[in-house]
1. Give the whole-number value, in cubic angstrom per residue, of the convex hull volume spanned by the C-alpha atoms of the stretch 7-64.
2. Considering only protein heavy atoms, what is the solvent-accessible area of Val888 at a probe of 1.4 Å, reported in Å² to the nearest 10?
3. Could you sort 753-766, 14-27 so that the peptide with the highest average Cβ count within 10 Å comes first and the rest follow in order?
4. Give me D for the stretch 684-835 in µm² s⁻¹, whole number, from Stokes-Einstein with Rh from the Kirkwood sum over alpha-carbon pairs, 37 °C and 0.692 mPa s.
5. Which of the peptides 656-668, 467-479 is most tightly packed, and how do the rest follow, judged by the mean count of other Cβ atoms within 10 Å per residue?
6. Order the peptides 279-289, 419-429 from the highest to the lowest mean number of other Cβ atoms within 10 Å of their residues.
7. Taking the Cα centre of the stretch 643-779 as origin, sum charge times position over the Cβ atoms of Lys and Arg (+1) and Asp and Glu (-1), and report the length of that vector in debye to the nearest 20.
Amino acid sequence: HVKNRKSLVPLVIKYITQALAYERGKVLSMYISALSENKIFLDEYNIEEDFDFVSTLCELITVRSRVCSDAFDRFPPLRALAIAEVKNAFEQAIESNGNNTLHRAAASYLVAIAIPRQVNDSVQKGDISNVVVSSNLLHAAIILISNWQRRDYGESGAQNVDEETSILHLLRYLVIPFVPNGLDEGDGNTVSGLSSAKHKHNGKRAVSVEEWVLLAKARAEKVAKHAALSAPNVFLPRLLLCCGMPSPSFYTMLGRLDKMGDSSTDSGKTYKEMISPTAVSEWGLPGIGSRRIIKRKLYGRILAYLRIHGKHTEEIETQELSTVKSSFVSWLSAGNICSDNTQKKHSKSQAITGIANNVKSCMTDSDDFDDLMGEEEGAEKLGDIWSRNDSKNVTTDGSLAPNEIVSRDFVNSCVDSDQCNVLEESLDLIMAKSLYSKEIKGTAAAKTLLASYKSFHHNPSFVQILLKWVPVLTRDRGEDHLWQLIFIEETEQIVDWCHLKSLVCDCALRWSDEHIAACQEWIVSQQTKNSPWKGVCSLGLVLRFLVVSSEQKSIHCLDYDDNAHLHFPYAQSQECAISLTKIALYYVSLEDSGVIANDSQKEGGGGANAKRNSLPDWLVLVLLVGKSHQALITRLILEKIDGTRYALVLSSVLLRLHVMSPLKMNLSDSKLRNVLLQASNDHLPAWLHWRCPLDSQLSEMLFNLTKYPHQRLVQSVIDIAKQHPLIFVRHLNDISQKLLEDGSGRDSDQQRLMKRGRIFGKHPSGDAVAKIGDHTVKVNIVLWGYSFNEPVWTSVTDVLMALPLEVVFTCGAKIGLTEILETYLKLFGVQMELNSESNIIRVRDKFLNLIESFRKCNAKAFEDWMQRDVSDWHNVGNVRQLFSAAGVLIC
């Protein structure tokens, strides 16, 4: 199809680009790689197309950052591609001073940024270039830098080296360790990198505080340290409130704050300005509280970091906290309002070893951090200092503080007081703690969220937290109670089907292979219980999970790779295959009985079972199991068909199994053949469009048969027609079209067909005469049917007669057989008009045998066909009159 590339490739790009908004994982990786290859193809053949691969990739990374990050982790070549493209885009922007960006992005999406002309560690004022880039390119670079981490070179050493080199280039372009004096950035000409990025249309910061948080918590310590050095001063206190910050990043920020205070004549005033309402308004933390509360939170978080990273452990244990050599910490500790309550609470504890002004803090005798995190008492000490104010985790002004233990009461308090941000901070704290401890509290927190869903399903903020955090918190492990909450208990009084379906999909895509396998095993084990699934909603969630976790390239069309699914339990044993098939068939029975009345719950309602794409989950599951156990699944469905009201649906499943894997199905069973034949008649014309692996082979063979027929090819077509008659009759319309082309003497591209084997006829009146000016020329009039390739027409009749009569004259009569027969009659009629009856003797004899078999096998269909109107051909009335015009007598 290279000749059609100018029209095909842009269409491919268009539809793949649209699909990027919906797919994830392996499918997303394949689509991005395909777009890259298509862009190379466009450039190679100089095809003009308004498509910018880098802009599309950057927009995708910006809009779907979490999904893309997961894909980059799973597929290193995709990550390397994205990093290389973004790095090249920045180099091109520097070379052109941003001129290549101005015509591609709207003014509201342009960012002005100062970037060094040369990549080196030291940046001088004269080496700065002011460049305009798109905001999506800038955001994509930040996400890639923050998610990158150095890997062992191994077998793909060259790729890892190139990837690391590209990241270092981006790091030195953007995350530049340069700290200006004062709270503001000072002279714009001396600030470069991300700190200098401003929106071109309004001059506001282009890099949000959330993106600085990403960089400060980057996986690579070098990136985190550079981010800590280059972040704007106004964001430093906000960044210190983050959980899970690596040690270099934390100490670098603390050191910057200390230097600011030491270099200022009034350090207290400088620090107060950094937590003033104006500065805090840029933090993106609404309702964080007054300066007093912010100081307390900063103080507690810094102390927790000091204990975690262990740099000041001995100093904290043996001295007052005020003696810790940090001017910023000393300023926070001075006059802390929670000192009295903290002193009273911890005065009875034997673990108190030091006093810092009015704040008591203690550590266990063990210096081992993992051991400390493993004990509940130690976990409390590592929590935020302000979270110890009282047992309910409520501050003096009534606002909540993050807690490492997410209980039902805590969730209720957060949602009822409209402080869902505190709940999310608590979950973030749990995830951060899991990086340093073997103890995992994520599963317990996830179960608490699920148990609270029925009470707060109407709260969008809570629902967003649930959908975001449950898959993340339970990524590596699960248990019966968790799966019960997701698939069974939450569906008893379902309030929003879409929310639960989204949750199940995200779990299937985020959970580890071990967790998915354990959950699948649990689902199979539930079949041994009486009524394990509480209603159709529970079944629907189970089916969706099984389908999504199968890692099909798309749930809407099946992968014909027989080896792509062998690592899944239901592809391994017959017991699992039977259990999962019963789940799907039970869902069908509920669907047919009318239990599923809501279209939002009815998977694929409205005849979706017969569609080519967008298959319902139960059908996809049956087809997946059928890949490895087709004989078993066929037997189970045949047993269900007898005496069931949904026999029509089940017969369509067998027909789709046959079309999907025609080489595997054993057609020696007469009952199976009858069911397939009946299903092929009941589901016309939908099943003609279903995917079949033999379609391309048959199309190629029929193309050659109607162009260059020879005995070996004819025999091959006859053999495949006998083995797979239902698959073959799907191509009868194609045969009819090929015969029409042969009768015209030209193919679909209006190219003359080869003369070998063709029989030519002439008009009885001879050549016509035309006068053009003073000249007279002879004109050879050629109409349809004046010539034909006799071996082609005789071969087609041989193939049709080889098909089983009950197939070709029942199902085939509805999908192209009658059109083929009418084409023969039209050819005979034209040849009779040319007085060339001798040309059609052989073809007509075989045709008559075919007609006689048709009339005997299906008399009703034959009589109906004889009455069909064909007045569009030479003003003939019906097919019976067409027989007369062709000189064919029917008794």
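The values are calculated or read from the model by the stated rules, or taken from the named source; none is laboratory data. For clarity, every value in this text was computed on a predicted model and none was experimentally measured. Reconstructed Cβ throughout: ideal geometry from the backbone, glycine too, with neighbour counts over all protein chains shown. Ligands, DNA and RNA are excluded from the accessible area calculation, which covers all protein heavy atoms including side chains. Shrake-Rupley method; radii C 1.70, N 1.55, O 1.52, S 1.80 Å.
1. Once divided by residue count, the hull of the stretch 7-64 is 70 Å³.
2. Rounded to the nearest 10, that gives 10 Å².
3. 14-27, 753-766
4. Roughly 193 µm²/s, to the nearest whole number.
5. 467-479, 656-668
6. Descending packing order for the listed peptides: 419-429, 279-289.
7. For this selection, approximately 200 debye.
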